[in-house]
Amino acid sequence: MNAIAGGDKPRSTDDLLKIVIHSLEEDKAIDIVPIDLEGKTSIADFMVVASGGSARQVGAIADHLMERIKLAGFGSCRIEGRDQGDWVVIDAGDIVVHVFRPEVRDFYNLEKLWSVVIPADAGADRAVDGRAAI
């Protein structure tokens, strides 16, 4: 945890991403996938998706991540889903982190959803059934 323990305060999204990935690795998160959201949405610069082996581990991963982000000087995060432990979302500002139990992650498949590139005008000239509108 050099980035956290050192006296330097991280200032960039890249620094925050390094802290997020390092924290997830420290807590033995499974299948950590960072997704660059640049040009896809204005909600965040990156999304990171990871899994924990149980609801208890998902909660612990989320708690530790929030603590490490705060200690690194990025302030407090918002969190949703902590009590259930199936899917926890941590909003760290420029980065949104999703920590799932594996079967919940498989069901929602966020990686596939956010990796699909859809042209901005794709829906404008399509009918409901998928055929081009006349």
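The numbers here are math on the coordinates, done by the rules we state, and not lab data. Keep in mind that this is a model prediction, so the values were computed, not measured. Counting neighbours? That spans all protein chains shown, and the Cβs are built from the backbone with ideal geometry, glycine included.
Here are a few things to note about the model shown:
- Point-to-point label distance, Ala60-Trp114, nm (Cα→Cβ direction, 7 Å offset): 2.5 nm
- Close amide H contacts of Val48 (hydrogens built in the peptide plane, cut-off under 5 Å, sequence separation of 5 or more or a different chain): Ile35, Val96, Val97, His98.
- Partners of Lys70 within straight-line reach, counting aspartates and glutamates whose Cα lies under 19 Å from its Cα and excluding those fewer than 8 residues away in the same chain: Asp8, Asp14, Asp15, Glu25, Glu26, Asp27, Asp45, Glu80, Asp91, Asp94.
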